[in-house]
1. Does Ile63 satisfy the condition of being under 23 Å from His218 (Cβ atoms), of a type in the set (Val, Ile, Thr) and assigned to a helix (DSSP H, G or I)?
2. For region 126-154, how many residues are over 30 Å from Phe43 (Cα atoms) and either touching a residue at least 24 places away in the same chain (Cβ under 8 Å) or touching a strand residue (DSSP E or B) at 6+ places or on another chain (Cβ under 6 Å) (or both)?
3. Of the conditions (1) under 28 Å from Phe167 (Cα atoms); (2) in a helix (DSSP H, G or I); (3) not β-branched (Val, Ile, Thr), Ser84 fails just one. Which one is it?
4. Among (1) in a helix (DSSP H, G or I); (2) within 29 Å of Ile179 (Cβ to Cβ); (3) in contact with a helix residue (DSSP H, G or I) (Cβ under 8 Å, 6 or more places away or on another chain); (4) not acidic (Asp, Glu), where does Phe100 come up short?
5. Is it true that Ile22 is at pLDDT 85 or above, among the aliphatic types (A, V, I, L, M) and either surrounded by fewer than 13 Cβ atoms within 10 Å (Cβ to Cβ) or in a helix (DSSP H, G or I) (or both)?
6. Can you name the residue in region 86-106 that is surrounded by 10 or more Cβ atoms within 10 Å (Cβ to Cβ) and modelled with pLDDT under 85 and, of all such residues, is nearest to Cys221 (Cα to Cα)?
7. Scan Thr192, Thr200 and give me the residue that is touching a Phe, Trp or Tyr at 6+ places or on another chain (Cβ under 8 Å), polar (S, T, N, Q) and either surrounded by fewer than 16 Cβ atoms within 10 Å (Cβ to Cβ) or modelled with pLDDT of 85 or more (or both).
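The values are calculated or read from the model by the stated rules, or taken from the named source; none is laboratory data. Here the structure is a predicted model, which is why all the values come from computation and not from measurement. Note that we place each Cβ from the backbone using ideal geometry, even for glycine, and neighbour counts take in every protein chain shown.
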Amino acid sequence: MEKKKIKIGLVPKLIIAIIIGILFGQFLPEGFCRFVVTLSGFFSTFLKFVIPLMILAYVTMGIADLSQGAGKLLLITVALAYGSTLIAGSASYLVSSSLFPHFMSEGALDQIAATADASLTPFFSITLEPVMDTLSAVALAFVMGLCLSSMRGKEMGNSLYNGMSDFSKIIDKVLHTIIIPLLPLYICGTFTDMTISGKTFAILSILWKVFLVVIIMHLICITIQFVIAGTVSKKNPFTLIKNQIPGYTTALGTQSSAATIRSTWNVQRRMAYVSRSATS
């Protein structure tokens, strides 16, 4: 009998990386910790370089794959996104202004401020400037996606579309073979630096309470959004939430909406296929 490989999800890996980083910073010599911080810095630089490319690839293809009415659908989507962000941001401000002051004592804040500049210096660093900033990537992706959606097969051929499709596959490969597997290294380096500089325990004494409130607010916001979406589309909202768990864990682990686009897009395509199959 073949032994089943135990697969550990991204979030458990990040939790393990946090624990290992704290142990490194607490018990290992400074030279080793600087080495870990150096590797973490390399990854951070590479991640900042790749994120605009991820936005350009995934958003462009997401819009380009829409059929007729892509502009109208995009306008509705943007309006919904900004509207929900405004509501969620207002709720976050009200909750944070009323709850967080009770979590943070003056002594803890003074301790965090005292260690603010006590970070480890990496052995060396590299300069890797992004091709474009995030906002430029979003704007270019919108323009290219809308033009490809409306012009492909009419005013132009499929060459650019196929090129962007291949580019999207390249970025997808980079995401799944480099960024996601090495993300725990980045988190480990961050907590190694925080621990050896004395920040970890001061920050964690506050952070776990803040994180708990954030997760609760996430769940409330997601439930409200999916109940509304399920009501409009006449689908079970809890089934829709279940289908989005991979995207949510990716977003929670990477803290990057760009990294989540591919996962969310795959879920939507799978759901569309299931709906067509059920109709047939």
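1. No, not satisfied.
2. Total meeting the criteria: 5.
3. (1)
4. (2)
5. Working: at pLDDT 85 or above: yes; among the aliphatic types (A, V, I, L, M): yes; either surrounded by fewer than 13 Cβ atoms within 10 Å (Cβ to Cβ) or in a helix (DSSP H, G or I) (or both): yes.
Criteria met by Ile22.
6. Step by step, filter region 86-106, then rank; the result is Ser96.
7. Values: Thr200 fails: either surrounded by fewer than 16 Cβ atoms within 10 Å (Cβ to Cβ) or modelled with pLDDT of 85 or more (or both).
Result of the check over Thr192, Thr200: Thr192.
For every residue, the table says whether it meets (1) over 16 Å from Ser197 (Cα atoms); (2) hydrophobic (A, V, I, L, M, F, W, C); (3) without any contact (Cβ under 8 Å) to a residue 24 or more places away in the chain.
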| site | (1), (2), (3) |
| --- | --- |
| Lys13 | yes, no, no |
| Gln26 | no, no, no |
| Pro29 | no, no, yes |
| Leu39 | yes, yes, no |
| Pro52 | yes, no, no |
